[in-house]
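Below is one structure; the comments refer to it alone.
Just so it is clear, none of the values below were taken in a lab; they were calculated from the coordinates. Given the structure is predicted, the values throughout are model-derived calculations rather than measurements. All Cβ positions, glycine included, derive from the backbone under ideal geometry; neighbour counts span all protein chains shown.
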Amino acid sequence: MSTPMTEPFRFKLTDEQRQIVGTVRDLTQSEFKQHGLAYMNGAFPWENIRRLADIGVLGMAVPQAYGGSEFAVFDTALVLEEIAKGCYVTAMAVLGEVGVQTRIIATYAPEPIKRRLLPAVCRGECILAICMTEPQAGTDVANYVTNTVVRGTTLRLKGVKTLCSRAEEAGAFVVFTRINGTPGRDGIGCVLVEKGTPGLVLSGKFHTMGGEYLHEVRFEDCELPAENLLLAEDGFKKLISAFNTQRCLNPSISLGLAEGAFDEALRYARERAAFGRPIGEFQGMRWKLADMYNEIEASRGLLYRACATANPFPDPLLAAQAKVYCNEMSLRVTSEAVQIFGGYGFTDEYLVSRLYRGARYGSLGGGTSETLRDLIGKRLMASTDLTDGILGLSDF
Ligand SMILES: Cc1cc2nc3c(=O)[nH]c(=O)nc-3n(C[C@H](O)[C@H](O)[C@H](O)COP(=O)(O)OP(=O)(O)OC[C@H]3O[C@@H](n4cnc5c(N)ncnc54)[C@H](O)[C@@H]3O)c2cc1C
């Protein structure tokens, strides 16, 4: 018998990864899944957040020196995937604590800010909001007009941000802002605004189809201490590097939503009878399940591969590929799950309906599918050495 030239390419979880994933799975399946309907009206899932803080999940992006559990991006993605299987709103709330805003503070904030905020983030006592999107510019970052004037030891922040998650609950806001009016993408840095700062106003509110509220936030000449300048006008490249982590964590939620919907649909296809037999025995249903399963497995491969490159931030091309594919796969798979459930699948009371609505978010936040396709396409066009074909584009 010939020996294979390479080991089969597979992800094998460590004992520690199995343990944390197993603990989160138990919580999600026994608690979060049952209570999910309660969060469709905009209520914040405080109870779930506290449960996750107790087992160290909220400190996944925080170094141990500040009370965190400092997980690898891959491990963090595995945890978010589990939570998303049962509750989109909870997964999004956790993303706020383990995502880009926490990573920016943990990497770039001065020591006193890290010591003040990060332990509270781990305990679930400080929710962090991120304010990037402006009414006139979301994707088009170069058109941001929010500006911070830096004069001696004070900063003055002026501008309007919108579609901000968790603004009502937030103890602090990480705000992308032009610095001293410097034009273009490269003029954008970032400041920290803490709750209670005079001039910080929540001026508008949107309820999403996923369940949560998003806010318009106005910064009306907010005066901030100099230490709140997290990144100055040369900071944009660093912000984008940190943002690549979001491009692995956002799709881990998409993947979890699809997996949760698939589990529900498979169970239902075995139990629900029509014409004297389980609906899963009809070819029309079996093929759906087969396609859903294949798409989920393909997504896992892309996502885990991207996560494995994080050091500390993941490879931009692999993260973009994973994000586009997982986001769009999630919408297809959750939609098919709704179809398998028939009319019940369209009601709020059934989990598949809520997972489907949550799945619509993925391709809108953290870089839209269109802009990430552009990034991937540009990279393909720029790669001139095709000696190895497309395999030459990555180390895998
Ligand atoms: C649930 C949810 C939570 C969010 N949370 C936050 C948050 O916490 N903080 C925050 O700052 N923002 C948040 N957002 C906002 C989100 O980041 C923006 O919606 C996103 O960046 C897109 O910006 P936009 O909505 O202004 O769309 P636009 O940028 O106006 O884009 C509209 C459409 O045009 C397309 N488009 C734009 N440029 C191009 C191009 N060059 N080529 C091809 N197509 C293009 C886009 O892909 C999109 O389909 C959230 C959004 C949602 C839905």
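Observations on the model:
- Part-to-part distance (alpha-carbon centres) for region 227-262 and region 321-363, which is given in Å: 22 Å
- With Cα atoms, 0 to 90° folded angle of helix 316-340 axis to the chain main axis: 50 degrees
- Other residues with beta-carbon under 10 Å from the beta-carbon of Ile130 carry, at +1 per Lys or Arg and -1 per Asp or Glu, a net charge of +2.
- Calculated from backbone phi, Karplus (6.51, -1.76, 1.60) coupling profile of region 83-98 in Hz, x at Gly/Pro: 5, 5, 4, x, 7, 4, 4, 5, 4, 5, 5, 5, 4, x, 8, 10
- Projection of the Cα convex hull of the chain, averaged over all directions and equal to a quarter of that hull's surface, yields 22.6 nm².
- Put simply, the C-alpha atoms of region 1-125 give a gyration tensor, and the ellipsoid matching it has half-axes of 28, 22, 12 Å, longest first.
- With respect to the chain, whose longest principal axis is taken over its alpha-carbon atoms, helix 15-27 is tilted by about 90°.
- The chain: calculated mean residue ellipticity at 222 nm from DSSP helix runs of at least 4, using -39500 (n - 2.57): -14500 deg cm²/dmol
- Each residue of region 264-273 was assigned a 3J(HN,Hα) from its phi angle through the Karplus curve 6.51 cos²θ - 1.76 cosθ + 1.60 (θ = phi - 60°); the sequence is 4, 5, 5, 4, 5, 5, 7, 8, 7, 9 Hz, with glycine and proline shown as x.
- By the Stokes-Einstein formula, at 1.567 mPa s and 4 °C, region 237-384 with its Kirkwood radius over alpha-carbon pairs has D equal to 80 µm²/s.
- Long-range HN-HN contacts of Gly189 with modeled amide H, under 5 Å: Thr177, Arg178, Ile179
- Computed extension length for Thr182-Glu220: 11.7 nm, one decimal, from 0.36 nm per residue of separation with the Cα-Cα distance subtracted.
- The count of lysine pairs in region 237-384 whose Cα atoms are under 21 Å apart, excluding pairs fewer than 8 places apart on the same chain, comes to 5.
- Other residues whose C-beta falls under 11 angstrom from the C-beta of Tyr108 contribute a net charge of +3, scoring Lys and Arg +1 and Asp and Glu -1.
- Helix 283-307 vs. the chain, principal-axis angle (Cα, 0 to 90°, nearest 10): 40 degrees
- Converting phi to 3J(HN,Hα) with the Karplus coefficients 6.51, -1.76 and 1.60 and the offset θ = phi - 60°, region 151-165 yields 9, x, 9, 10, 10, 10, 10, 9, x, 10, 10, 9, 6, 7, 6 Hz in sequence order, with x at every glycine or proline.
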